[in-house]
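What follows is one structure encoded as structure tokens, with my remarks underneath.
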Amino acid sequence: MTKIGYSEHNDSQQPAIEVLSKLGWQYLSPEEALAHRNGMLSNVVLDNVLVEQLMKINSFEYKGKQYPFSNSTVQAAVNNIKNLPDSGLVQTNRAIHQELTLGKSYNETIAGDQKAYTLRYIDWENIENNVFHVTEEFTVEGSREKRRPDLVLFVNGIPFVIIENKRRDKNNSISEAISQHLRNQKYEEGIPRLFHYAKLLMAVQPNEVKYGGVGTPEKFWSVWKEDNEKEVQKLLLSKLNRTESNDRLPTVQDRNLVSLCAKSRLMDMVYKYLIYDGPATIIVPRYQQYFAVISTVERVKQWEVKDQKRRGGVVWHTTGSGKSLTMVMISKVLALDTDIAFPRVVVVTDRKDLDRQIYDTFSNCDKNVEKAASGTHLVELLKDKGVEVITTIIDKFETASRTGGYKDESSNLFVLVDESHRGHYGPSHAMMKKVLPNASYIGFTGTPLMKSEKSTAKKFGGFIHKYTIDQAVRDEAVLPLLYEGRQTLLTINTAQLDKNFERLANGLSEEAQKDLKKKFASISRVYEGEQVINEIAYDISKHYTKNWQGGVFKAQLAVPRIETAIKYQKYFESQTDPTLKINTAVIFTPPDSRQNHTDAWSEANGEAKKYWDNLMKQYKSQEAYEEYIISQFKEEGQEIELLIVVSKLLTGFDAPRNTILYLAKPLHSHNLLQAIARVNRLFKGKEHGYIIDYVGVLGKLDEALTSYSAFDEYDEEDLVNAVVDVGEEVQKVPIYLAAVWDCFRGVSNKKDIEALERHLAPKDKRDDFYEALSLYARTLQMALGTNEFYVLFSEERIECFKSELSMFVKLKVSLQNRYAEVISYKEYEPRIRKLIDTYVQADDVRVITEELNIFDKNEVNEAIEEYGKSPASKADFIAHKMKRVISENMQKDEAFYKKFSQMLEEVITAFQQGRLQEADYLKSVLNVRDQFENGYVEDTPNQLLSKPEARAFYGLIFEILEVEFGEELIKAKKELIAKMGEDIADIIEDSVIRDWKNNDDVINQMYNDIEDYLIEYKADLGVDLDYDTIDMILDRGIKVAKNNY
């Protein structure tokens, strides 16, 4: 039988290099790459390559002749791109990106005539004029230590892509790769200089790939999907660029490398699609955004009326999948398209808050955007051809059309209409077309079009691109929505309501009955009655406080009218039971004072208006009130936990921590889909959005969605994965519990805690257990907050689920203590803690979070007594605490800590192999600990026992000289080497000043002083120290200094 062995290099890294080589990336060995960096590990640019390319792709014209840039100009350009001021990770990246895309102006003198000419770092027009390199194990010197990304891709010597490779058989390998990227971007422990240049970050293993930009949190790393298997298969079989033919099936890694790193694709994405979204994040397009933009540009280049009117169409991208950023990308790509002269974009919405949101998005992304303040202002902006992007509310076109009959007949105007189904085909749209008759109209919708709208959409060019709810959920671009119908909780006489409806509908046609049914929903004022409001508010209080309260996850409550909203608010405000107290606020449209103007306040009573007036006295204006309430809602904390809304904030409102939508009003079609999408955004620790329905919009979800009146106007395929019945998830609780127990397969006595803990001694087994437990705990937490759970399972079974959770949580804590693991509060932890606080007795689970000083004998003995249990568990506890201390301090004194690490491993292995009994195991571990505390290992000179810094320098010098001159000779000189360790420690101590690690002058002085000392001392030492050996001592010595001083 053939045995398959996986290693990171053979399984992922080498195949990636092979694919990249076939794509035209030239391989550089680590040694060659370092030579191009002038041997400097702190330099991340391939200087030699960049200089050569700048000379090659640049020239300037003077009096009809082409001239090369001078050597001094080229060197100045290299220095410029390497030495831009560090203004933070993303801001520095942005500044470098501008230099790379726009070039830099330099003065050149020909025949005494000096003029400025633009020098380009990249030839964006002729991609093949650039050079593309890939190297591996790219070591970079950080402020504290070296980091080594697996693969780095360079364009003209400038790092563009950073790849972390993982093997396919390792748990959570992609998450680990992303964590490495995130760590390496940090100033304290990473190599941020490399990320000042990077455009694309990839975490890859053969079966999975995710990618992101600099500053992208792990939750927002994306998958790329593209049907390119045949193309990749052909590439693998090819011998392009002097590679070997590779007869194997393409992996996900192969396909993604071709999709994202093919030279023309990568350069296109970097130049046209990359977006700097504020100061903290670089947005790399998701695949649906990239292909939607391509399809849109292709569409608008087609003509309805030759040379007069371009075609348009509709883009359906599910709410929450980045629709606004797609608009920004379209406007950017149109602006850079040489086939379209002076393109301009008008972004149209139907509400002020959406207009403000779109405007902010474009502004954050460095687009020159103006917001129309009025119809007259809109006309002024349209007349000003220097304004590239205009945002406006659709109503302003009515005023604009009456302002002197203004028309802009340009066919290079592109109107992007957000949530186009609402106003796209009505009177306002007609006014818009009157003002902009030849514009290309592109409608955007976050919800599927209804059957009736699809035929209308065809008149505008039909669909350009679709990204359905099902695709977005499967791609994890948005969260799945769990639906729970709770209308049965209410004591409402629904039979009487149905009887009244039948009487009203008697004799009406089927179409008229359907219309009446919609209107009848609004008749259900029963949901506005005091008794029903109290019932629903009480249930919300119980549900939210028991399952979600804690300041991390927030909720919305949708109600029929302003008056009802204020009744709910007063209920929550007057709650006297502290265990049911929720901090809430109302958000609704303010009263409109214009004469004869009807609005949401038309039926509101005096009490509601009085409440509003009081709010205005307190906050002075609607804007100030809303800004404060919404900001508190979006931030962590319990200041505002639940927003009560009527219609405002049920569309276009983006608050990722918004997790639960309580429905206490009937909603239909687009309004319902838009409302439930408020809780589908990605957020740390949030795996689902939750819809709690008190009015029975969808009942129990036991039929196809289109069979419900709320969705009967849609096609079934457009609603796949829109919402999932919570009952489906609830039924998974026993399945996930079985998966936890499956981690202990092979342990005969499942009640023997010591046996369970020893079974999980290998880290990979503990990782499997933690992952299974996390999934079980999160699913149980969700289930305990539903009514369905208590219907499906008996009280005894539910208690069993909770007690097993309690046992496993305690086992996890014990394991983390025993094996000295860092207690990890990962993103799901707030929910797990809430679950434990609510359903597990407080004294059931004791988490030992205090740091243990392994060198304090009394503290160690107390911890052992407190930890209790068997001698083996006590030994594991101390041994793994020591291993953690050793790991954390290894950089301080590698020689010293490495010896103790080996001693511990020998003792642990001896016990695991049965060569040591439990009592002897504990005795041996404590003996190692005592030596560790005293700073003693065999052959350490006595004068260094109380001088850890000097001992560190002694250890590294001894280790280097032992390799160079042999153990016997160097052992005889250990006292002399100890003296060297003390002297070098003194040199370093004399040089240290505040913030010296970031001061090149101080570091260079240290190098010089230590080098002078070594050259002078080598005669006393009696060995011939060559300069290579001295350099090795210097490099490692400065590293030790950085970790000790």
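The values are calculated or read from the model by the stated rules, or taken from the named source; none is laboratory data. Just so you know, these numbers come straight off a predicted model, no measurement behind them. Glycine also receives a Cβ, built like all others from the backbone with ideal geometry; neighbour counts cover every protein chain displayed.
Structural remarks
- Condition met for Leu698 (in the same structural domain as Lys542 (by TED's automatic domain parsing), buried (at least 19 other Cβ atoms within 10 Å of the Cβ) and farther than 24 Å from Ser324 by Cβ): yes
- Across region 3-22, the qualifying residues are those that are farther than 22 Å from Ile174 by Cβ and in contact with a helix residue (DSSP H, G or I) (Cβ under 8 Å, 6 or more places away or on another chain), and the one among them that is surrounded by the fewest Cβ atoms within 10 Å (Cβ to Cβ) is Ser21.
- Any hit, region 342-352, residues being among the aromatic types (Phe, Trp, Tyr), surrounded by fewer than 22 Cβ atoms within 10 Å (Cβ to Cβ) and either assigned by TED's automatic domain parsing to the domain that holds Thr447 or touching a residue at least 24 places away in the same chain (Cβ under 8 Å) (or both): yes
- All positions within region 73-101 that are under 29 Å from the mean Cα position of the chain (by Cα) and under 15 Å from Ile57 (Cα atoms): Leu100, Thr101
- Residue match in region 962-977 (condition: surrounded by 18 or more Cβ atoms within 10 Å (Cβ to Cβ) and either closer than 30 Å to Glu188 by Cα or touching a residue at least 60 places away in the same chain (Cβ under 8 Å) (or both)): no
- Any hit, region 715-723, residues being part of a loop (DSSP other than H, G, I, E, B) and either among the basic types (Lys, Arg) or modelled with pLDDT of 85 or more (or both): no
- Entirely in region 204-286, the helices (runs of 4 or more DSSP H) that have 3 or more residues that are among the polar types (S, T, N, Q) and more than 20 Å from Glu99 (Cα to Cα): 252-261
- If you go through region 73-87 and pick out every residue that is at pLDDT 95 or above and either in contact with a Leu (Cβ under 6 Å, 6 or more places away or on another chain) or over 17 Å from Gly103 (Cβ atoms) (or both), you end up with 3.
- Lone qualifier among Leu274, Leu325, Leu336 - being crowded, with 18+ Cβ neighbours inside 10 Å and in contact (Cβ under 8 Å) with a residue 60 or more places away in the chain: Leu274
- Within region 630-641, the presence of a residue that is hydroxyl-bearing (Ser, Thr, Tyr), in contact with a Phe, Trp or Tyr (Cβ under 6 Å, 6 or more places away or on another chain) and at pLDDT 90 or above is excluded.
Here is a yes/no grid of residues against (1) outside any loop (DSSP other than H, G, I, E, B); (2) modelled with pLDDT under 85; (3) out of contact with any Ser or Thr (no Cβ under 9 Å at 6 or more places or on another chain); (4) crowded, with 18+ Cβ neighbours inside 10 Å:
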| site | (1), (2), (3), (4) |
| --- | --- |
| Phe769 | yes, no, yes, yes |
| Leu773 | yes, no, yes, yes |
| Ala783 | yes, no, yes, yes |
| Glu796 | yes, no, yes, no |
| Glu804 | yes, no, yes, no |
| Glu827 | no, yes, yes, no |
| Leu835 | yes, yes, yes, yes |
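- Remark: pairs (first residue in region 58-71, on the phi < 0 side of the Ramachandran plot and of a type in the set (A, V, I, L, M, F, W, C); second residue surrounded by 10 or more Cβ atoms within 10 Å (Cβ to Cβ) and part of a loop (DSSP other than H, G, I, E, B); Cβ separation under 8 Å; 6+ apart in sequence or on different chains) = Phe60/Phe69; Phe69/Asn58; Phe69/Ser59.
- Strands (runs of 3 or more DSSP E) (entirely within region 91-202) containing at least 3 residues that are in the same structural domain as Ser70 (by TED's automatic domain parsing) and among the β-branched types (Val, Ile, Thr): 158-165
- Of the residues making up region 199-218, none is charged (D, E, K, R) and surrounded by fewer than 16 Cβ atoms within 10 Å (Cβ to Cβ).
- Just one of (1) surrounded by fewer than 16 Cβ atoms within 10 Å (Cβ to Cβ); (2) among the aromatic types (Phe, Trp, Tyr); (3) within 32 Å of the chain's Cα centre (by Cα) fails for Tyr790. It is (3).
- Those residues of region 156-171 which are more than 22 Å from the chain's Cα centre (by Cα) and of a type in the set (S, T, N, Q), in sequence order: Asn156
- Any hit, region 752-759, residues being over 26 Å from the mean Cα position of the chain (by Cα), at pLDDT below 90, part of a loop (DSSP other than H, G, I, E, B) and of a type in the set (Asp, Glu): yes
- Here Lys684 qualifies as touching a residue at least 60 places away in the same chain (Cβ under 8 Å), surrounded by fewer than 22 Cβ atoms within 10 Å (Cβ to Cβ), on the phi < 0 side of the Ramachandran plot and of a type in the set (Lys, Arg).
- Within region 327-413, strands (runs of 3 or more DSSP E) holding 1 or more residues that are of a type in the set (D, E, K, R): 344-349, 369-371
- For region 299-322, a residue qualifies if it is crowded, with 20+ Cβ neighbours inside 10 Å, in a strand (DSSP E or B) and not small (Gly, Ala, Ser), and the qualifying residues are Arg310, Val314, Val315, Trp316, His317.
- When Gln289 is tested against (1) part of a helix (DSSP H, G or I); (2) within 17 Å of Phe160 (Cβ to Cβ), exactly one condition is not met: (2).
- Test result for Leu650, in contact (Cβ under 8 Å) with a residue 12 or more places away in the chain and surrounded by 14 or more Cβ atoms within 10 Å (Cβ to Cβ): yes
- Selection count, region 572-589, where residues are in a helix (DSSP H, G or I) and surrounded by fewer than 20 Cβ atoms within 10 Å (Cβ to Cβ): 4
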